[in-house]
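The values are calculated or read from the model by the stated rules, or taken from the named source; none is laboratory data. All values derive from a computational prediction rather than experimental measurement. Ideal geometry is used to build each Cβ from the backbone, glycine not excepted, and the neighbour counts take in all protein chains shown.
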Amino acid sequence: MNKNSIYLITLLTIVWIVLCEELSAPVVATGIAISAGCVYFCRKYLPLTTITGVKFLELGIYPFYLIGQIYLAGFDAIKLIIKGAKVDVVKVNTKITNEFLRVILANSITLTPGTVSLELNGETITILWLRDKASGSRDMNNAGELIKGKLERKLLKTQE
């Protein structure tokens, strides 16, 4: 066990104590045990050292950005459902070259209301998309930018 693991276990234990809202021996012992287990399994089964070409510090901000986009897409989906929506399947190409970031993009698309990633094949993502019934081919031509635009631009900044 190295120095970083001890720091991480300590930090996770403190978070555990805060979440339990109690400072007692059983809570601290449970926090240490759970934190040590999490650190062990993450180091063993999530080898982050094999992921290259990603700026992890900038990627740490992405979940907060994604939460905002999920809420905005939720309001758009509500408007679409009220006005009348149509479902289409579209294939969208991404400029992201890093496979790890492409998977994050596909999952982010699925998390935003109104879209579901069906398949990720190389740089092409097949997406089930909820769109306005009244829109024509103009929206179909811009489907990629409408669906992945902001998310992809944010993830491109985290790519080395």
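Identify, please: which residue in the range 18-51 is part of a helix (DSSP H, G or I) and touching a helix residue (DSSP H, G or I) at 6+ places or on another chain (Cβ under 6 Å) and is, among those, farthest from PHE100 (Cα to Cα)?
Our first condition is that a residue be part of a helix (DSSP H, G or I); within the range 18-51, this holds for 18-20, 25-45, 48-50.
Pick out the ones that are also touching a helix residue (DSSP H, G or I) at 6+ places or on another chain (Cβ under 6 Å) and you get 20, 27, 31-32, 35-36, 39.
Working: CYS20: 34, VAL27: 36, GLY31: 31, ILE32: 31, SER35: 26, ALA36: 26, VAL39: 21 Å.
Here the answer is VAL27.
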If we scan the range 70-93, do we find a residue that is of a type in the set (Ser, Thr, Tyr), modelled with pLDDT of 90 or more, under 19 Å from the mean Cα position of the chain (by Cα) and under 23 Å from ILE51 (Cα atoms)?
no
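Could we say that LEU8 is loosely packed, with under 12 Cβ neighbours inside 10 Å and more than 27 Å from PRO113 (Cα to Cα) here? Before you say what the answer is, go through the steps one by one.
Working: loosely packed, with under 12 Cβ neighbours inside 10 Å: no; more than 27 Å from PRO113 (Cα to Cα): yes.
So LEU8 does not fit the description; no.
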Looking only at the range 115-144, which residues are under 22 Å from GLN159 (Cα atoms), of a type in the set (Gly, Ala, Ser) and surrounded by 13 or more Cβ atoms within 10 Å (Cβ to Cβ)?
SER117, GLY144
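When the residues of the range 62-114 are narrowed to those that are part of a loop (DSSP other than H, G, I, E, B) and out of contact with any Phe, Trp or Tyr (no Cβ under 8 Å at 6 or more places or on another chain), which ends up surrounded by the fewest Cβ atoms within 10 Å (Cβ to Cβ)?
The initial filter retains those residues of the range 62-114 that are part of a loop (DSSP other than H, G, I, E, B), namely 84, 94-98, 112-114.
Applying the additional criterion that residues be out of contact with any Phe, Trp or Tyr (no Cβ under 8 Å at 6 or more places or on another chain) yields 84, 94-98, 112-113.
Details: GLY84: 9, THR94: 21, LYS95: 12, ILE96: 22, THR97: 11, ASN98: 18, THR112: 21, PRO113: 17.
Among those that are part of a loop (DSSP other than H, G, I, E, B) and out of contact with any Phe, Trp or Tyr (no Cβ under 8 Å at 6 or more places or on another chain), it is GLY84.
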